[in-house]
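The values are calculated or read from the model by the stated rules, or taken from the named source; none is laboratory data. Being a predicted model, the structure only gives us computed values, none of them experimental. Cβ coordinates were reconstructed from backbone atoms using ideal geometry, including for glycine residues, and neighbour counts include every protein chain displayed.
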């Protein structure tokens, strides 16, 4: 912020533009006092697979239309743009001593593993997660946008004579919007634990927050466009069950950014014990999100999205503000700047400048100390002693490492493994309970820690088996399940002809569903047989220990059979 802008002099027209899959292209003009002067909206397609604007020619035409509708000269406009969140993630376990540039490189490496940024250069931003008091590592949340998207938008605005002032993402705009409208004001009080669920055409994101700080993030991709009607809500409910069970929150805010899902209906179906609040960012909205300026026409007030309300909210409301065209790397809350002698200074820059001046003043004193021979000799002696101590400590550490070996128990790793395995098993049990048809019976079910599943049973018809198999596949995405066996029981035709009721004994078809290979199944069944034999022998020994001891003694005392020498 310059001195001119502090006193309201100079500058251009502040215009805020947002892009949303359901709300299209929105524009709000704000005066120097931060008051809304006008609002306009038009349709715009968004490619959710590539996570960018579908057609930039249509984006340009839409901007020109909105400028004309509000009678704004683009050449005087400073455009603040907010786009749908392209990527958001959490990186844990970073060493405490890493500097900001090293963390930025690690974040870029993580982003390059994603499908969005494998072929496109990212513009990354990251910030520290809320650290625990006894943590010995560092965790950061990170987000990014495609560099070529920003370049295209800059080029379009430059061609119209406008200036691109900032670029942020919808996640942080939505958080500011929840605070501004008052929808999430109670949840954002210090010490309040709550959850935020954002649903779009690609799936949903779940965030755990404490007040205004993000603590956890979880994303579940779901192809919602491949479902119809009630299937969409069932798919989201099943996928969100584990995340909701593991979230110790007192309230849940559900935002739907897709016309396929009503946030109100979804919130009523989710199994959550606390308060639920629904926010419609789609065709299901029935009333404006808040009382608005009379400068916005009454017929337009229903169209104003939470996204653009948050976009026009001044920076500093949240602990972190994201601007992809600001200084690269670490993101932080915006701070005031002042202009002195044609240069802008922030508190950080002022600190650096002070350190430089201090270094200039202290240099002569330091050079004088360097020429003092006695002090130099003492320092060298001290360095020699320290080197000897370091060498001794290194030897002791090496010796301790050799004695300790590589069998150290890692409690954190074990806890993560247990949580991961339990989550996999709970999802399998939940999917199983949702998928069983009426005339199908399970006789065997196994879920292993490595994600392996084996199910056996019988059914009245082949159709029942395939319905059960399809339901399982829909519930357990990426489980690679297959029908490894489907056959008639021995004598089943007679039972089918003579039976009048559906029971497990009368069901003629037997089946097996698994994601194991034939080799894995054979090895697993052999292991089960060996375990069963071992258990059987243990039970017999427990029932009759004397007979077991006599059998062992007989086996030990039996002489070895002699072998006659071969005839010469």
So residue 484, is it surrounded by 14 or more Cβ atoms within 10 Å (Cβ to Cβ) and either modelled with pLDDT under 80 or in a loop (DSSP other than H, G, I, E, B) (or both): no
Those residues of the stretch 128-145 which are touching a strand residue (DSSP E or B) at 6+ places or on another chain (Cβ under 6 Å) and either touching a residue at least 40 places away in the same chain (Cβ under 8 Å) or surrounded by 21 or more Cβ atoms within 10 Å (Cβ to Cβ) (or both) amount to 129, 130, 137, 138, 139, 140, 141, 142, 143, 144, 145
Residue check, residue 22 modelled with pLDDT of 90 or more and assigned by TED's automatic domain parsing to the domain that holds residue 294: no
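Only one of 14, 58 is more than 30 Å from the chain's Cα centre (by Cα), surrounded by fewer than 20 Cβ atoms within 10 Å (Cβ to Cβ), in the same structural domain as residue 126 (by TED's automatic domain parsing) and at pLDDT 95 or above. Can you tell me which? Working first, answer last.
Numbers: 14 fails: at pLDDT 95 or above.
Checking each option against the conditions leaves just 58.
Matching residues to (1) over 26 Å from residue 193 (Cα atoms); (2) modelled with pLDDT of 90 or more; (3) assigned to a helix (DSSP H, G or I):
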position: 104; (1), (2), (3): yes, yes, yes
position: 126; (1), (2), (3): no, yes, no
position: 135; (1), (2), (3): no, no, no
position: 144; (1), (2), (3): yes, yes, no
position: 152; (1), (2), (3): yes, yes, yes
Out of the stretch 84-121, which residues are surrounded by 16 or more Cβ atoms within 10 Å (Cβ to Cβ) and in contact with a helix residue (DSSP H, G or I) (Cβ under 7 Å, 6 or more places away or on another chain)? 84, 85, 87, 88, 89, 91, 94, 117, 120
Looking at the stretch 266-291 only, could you name the residues that are loosely packed, with under 15 Cβ neighbours inside 10 Å and touching a strand residue (DSSP E or B) at 6+ places or on another chain (Cβ under 9 Å)? 268, 274, 275, 286
Among the residues of the stretch 191-231, write down those that are surrounded by 18 or more Cβ atoms within 10 Å (Cβ to Cβ) and outside any strand (DSSP E or B). 201, 202, 212, 222, 224
All but one of (1) at pLDDT 90 or above; (2) over 24 Å from residue 215 (Cα atoms) hold for residue 115; which doesn't? (1)
Scan of the stretch 393-447 for residues that are at pLDDT below 65 and either assigned to a loop (DSSP other than H, G, I, E, B) or closer than 30 Å to residue 506 by Cα (or both), ordered by number: 405, 406, 407, 408, 409, 410
Among the residues of the stretch 258-277, write down those that are at pLDDT 85 or above and either assigned by TED's automatic domain parsing to the domain that holds residue 23 or out of contact with any helix residue (DSSP H, G or I) (no Cβ under 8 Å at 6 or more places or on another chain) (or both). 259, 262, 263, 264, 267, 268, 274, 275
Among the residues of the stretch 33-48, write down those that are assigned to a strand (DSSP E or B) and touching a helix residue (DSSP H, G or I) at 6+ places or on another chain (Cβ under 8 Å). 39, 40, 41, 42
Test: residue 35 is within 17 Å of residue 304 (Cβ to Cβ), surrounded by fewer than 22 Cβ atoms within 10 Å (Cβ to Cβ), touching a residue at least 40 places away in the same chain (Cβ under 8 Å) and in the same structural domain as residue 171 (by TED's automatic domain parsing): yes
Tell me, please, whether a residue that is within 19 Å of residue 61 (Cα to Cα) and not in a strand (DSSP E or B) can be found in the stretch 165-175. no
May I ask you to verify whether residue 74 is touching a residue at least 24 places away in the same chain (Cβ under 8 Å), touching a helix residue (DSSP H, G or I) at 6+ places or on another chain (Cβ under 7 Å) and within 30 Å of residue 42 (Cβ to Cβ)? yes
